[in-house]
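See below for the structure under consideration.
The values are calculated or read from the model by the stated rules, or taken from the named source; none is laboratory data. Computed from a predicted model, the values in this text were never measured in an experiment. As a convention, Cβ positions derive from the backbone with ideal geometry for all residues, glycine included, and neighbour counts pool all protein chains shown.
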Amino acid sequence: MKINLKQCMIATMMSLGIVSMNAQQTQNGDTISLTLDECLRIALSENPTIKVADMEIERVDYSKKETIGQLLPDISFGGQYSRTLQKQTMAMNGQSFKIGSDNSYSVGFSALLPIISVQLWQSLKLSNNQIKQNVEKARESRLSLVNQVNNAYYGLLYAQDALNVLIENRETAKLNADIYKKKFENGTASEYDVLRAEVQVKNIEPSILDMENTIRQAKLQLKLLMGMDMSYNIKVSGNLSDYQKSMYETVLNTNASIENNSSLRTLELQTEALKQALDVQKAAWFPTLALSANYNWTSLNNGTPFKNLTWNPYSTVGVSLSIPLFQGGRRYSKQKQAEISYREMTWQRENLENSLKLQVQAQYDNIQKSVSQIETNKAGVDQAVKANQIMEKSFRIGAASYLDLRDSENSLMAARLAYYQSIYNYLVAQSNLSYVLGNTDIDRYKTTNNY
């Protein structure tokens, strides 16, 4: 039985609750209808950037285990064989004679265990810090991805709403052109009136084609962010005006603190890492103590190798102490470098905090401006609708010209586009604000399944 890949994809995603159950069948294939939450769940599960960030956490975890392994005994097994080419000569009482064996064998185990190694202990703290930094980096990747998906989704909604406005304006222009054709046939309108009405229809076509291309590009961008195959057909649910009812409440409940900002948290971890790196350099001044043990078997013989071997065991246990005294000033220079780097972070944090506060204020200003624009543009749409209705009635009774009618229709189209644009600007500013503050609830989009 031949299996359609797209149908398998949709069936699997439906089973996960990622795709709405009302996915429609079209002549071109299956169209997947997605809400914003569904897009975010797919993106956070399938985007390659997120997968790479998670793999980095796993990689650094193994790096930590590698450091921990240095605290455990280092055990090895080895063997050695040597053939004497010229034996040593010993002279005694005027006589000389050869000493030594032709063949020498040695096999055995050796172990080395660090007992005191302050520098190694401090390095473990650095490994823990690196894991925390990678976890925060993965979190930042998710926050950034959520913001990108939000903006792409809102952009697609705006393009669809704008296309609907343009199509509606074109249909109205077509209706007016048909009216003039009938009037021309009845002798109550001139050919110039007919041509002018048809030109108005043609003038809208380029804008519609541009917006259709914008929608295609927006869908490709959204699928790219979701890590979805570009061949799938998708559509987004709802329109921008659906968000107007609840979007104000979301901003009012937003905590303006920047303590969850990912860049700030990363800087704090980096500052902590520099402090730990400084401790590592200071630990280089401390002595190290290690325990060693050996258990070997040796054998000596003359003549042909590997014959008449007699193995004799021997073992040793000992401790080694190393006290660093002088290294040409290298330790002191490294310690001073670490101290300067640590102090630099204080100024970097102050600069970052000021920059983040400026970004937060800028997004709040954008939100406030968008709120005013939404209210103004909504009133403008109501006025434009009323003005267009009056102009249509005036046109029917001959009290207004065709140019007056088209002017009112174009004003209504511009008012609607401005209204949708202001909602789009608001939603983007809101998403950007959440990204800067780092307070997006990522856990709500987690899914344990993959498609």
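I'd like the full set of residues that are among the small types (G, A, S), part of a helix (DSSP H, G or I) and without any contact (Cβ under 8 Å) to a residue 12 or more places away in the chain, limited to the range 346-403. Don't jump to the end; show me each part of the working.
Initially, the range 346-403 is screened for residues among the small types (G, A, S), giving 355, 362, 370, 372, 379-380, 384, 387, 394, 398-401.
Subsequent filtering for residues that are part of a helix (DSSP H, G or I) retains 355, 362, 370, 372, 379-380, 384, 387, 394.
Those that are among the small types (G, A, S), part of a helix (DSSP H, G or I) and without any contact (Cβ under 8 Å) to a residue 12 or more places away in the chain: S355, A362, S372, A379, S394.
State whether the residues of the range 93-108 include one that is more than 60 Å from the chain's Cα centre (by Cα) and among the hydrophobic types (A, V, I, L, M, F, W, C). Give the steps one after another, and end with the answer.
Our first condition is that a residue be more than 60 Å from the chain's Cα centre (by Cα); within the range 93-108, this holds for 93-104.
Add one more test, that the residue is among the hydrophobic types (A, V, I, L, M, F, W, C), and what stays is 97, 99.
Yes.
Okay, residues lined up against (1) of a type in the set (A, V, I, L, M); (2) closer than 19 Å to A177 by Cα:
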| site | (1), (2) |
| --- | --- |
| S394 | no, yes |
| L405 | yes, yes |
| Y420 | no, no |
| I423 | yes, no |
| Y426 | no, no |
| A429 | yes, no |
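I need the full set of residues from the range 354-405 which are among the aliphatic types (A, V, I, L, M), closer than 19 Å to Q200 by Cβ and surrounded by 14 or more Cβ atoms within 10 Å (Cβ to Cβ), in order please.
Within the range 354-405, A384, A387, M391, A400, L405 meet the criteria.
Just wondering, is there one or more residues in the range 413-424 that are without any contact (Cβ under 8 Å) to a residue 40 or more places away in the chain and in a helix (DSSP H, G or I)?
yes
A quick yes/no check of all residues on (1) exposed (fewer than 14 other Cβ atoms within 10 Å of the Cβ); (2) closer than 30 Å to E350 by Cβ; (3) in contact with a Leu (Cβ under 8 Å, 6 or more places away or on another chain):
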{"site": "K223", "(1), (2), (3)": "no, no, no"}
{"site": "Q244", "(1), (2), (3)": "no, no, no"}
{"site": "A277", "(1), (2), (3)": "no, yes, yes"}
{"site": "S292", "(1), (2), (3)": "no, no, yes"}
{"site": "Y314", "(1), (2), (3)": "yes, no, no"}
{"site": "L325", "(1), (2), (3)": "yes, no, no"}
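Applying the selection to the range 65-92, what residues are charged (D, E, K, R) and over 52 Å from the mean Cα position of the chain (by Cα)?
If the condition is that a residue be charged (D, E, K, R) and over 52 Å from the mean Cα position of the chain (by Cα), then R83, K87 are the ones that fit.
Is at least one residue of the range 111-133 of a type in the set (F, W, Y) and either over 30 Å from S431 (Cα atoms) or surrounded by fewer than 18 Cβ atoms within 10 Å (Cβ to Cβ) (or both)?
The answer is yes; a qualifying residue exists.
If I go through the range 34-68 residue by residue, how many of them are modelled with pLDDT under 85 and of a type in the set (S, T, N, Q)?
So the answer is 2.
Conditions: (1) free of Cβ contacts under 8 Å to residues at least 12 places away in the same chain; (2) under 30 Å from T316 (Cα atoms); (3) exposed (fewer than 10 other Cβ atoms within 10 Å of the Cβ). Q95 meets all but one. Number of the miss?
(2)
Do we have Q217 as part of a helix (DSSP H, G or I), of a type outside the set (A, V, I, L, M) and touching a helix residue (DSSP H, G or I) at 6+ places or on another chain (Cβ under 7 Å) here?
Here the answer is no, as Q217 does not meet what is asked.
Looking at L240, L224, can you tell me which residue is within 24 Å of E409 (Cα to Cα), in the same structural domain as Q148 (by TED's automatic domain parsing) and under 34 Å from the mean Cα position of the chain (by Cα)?
The unique qualifying residue is L240.
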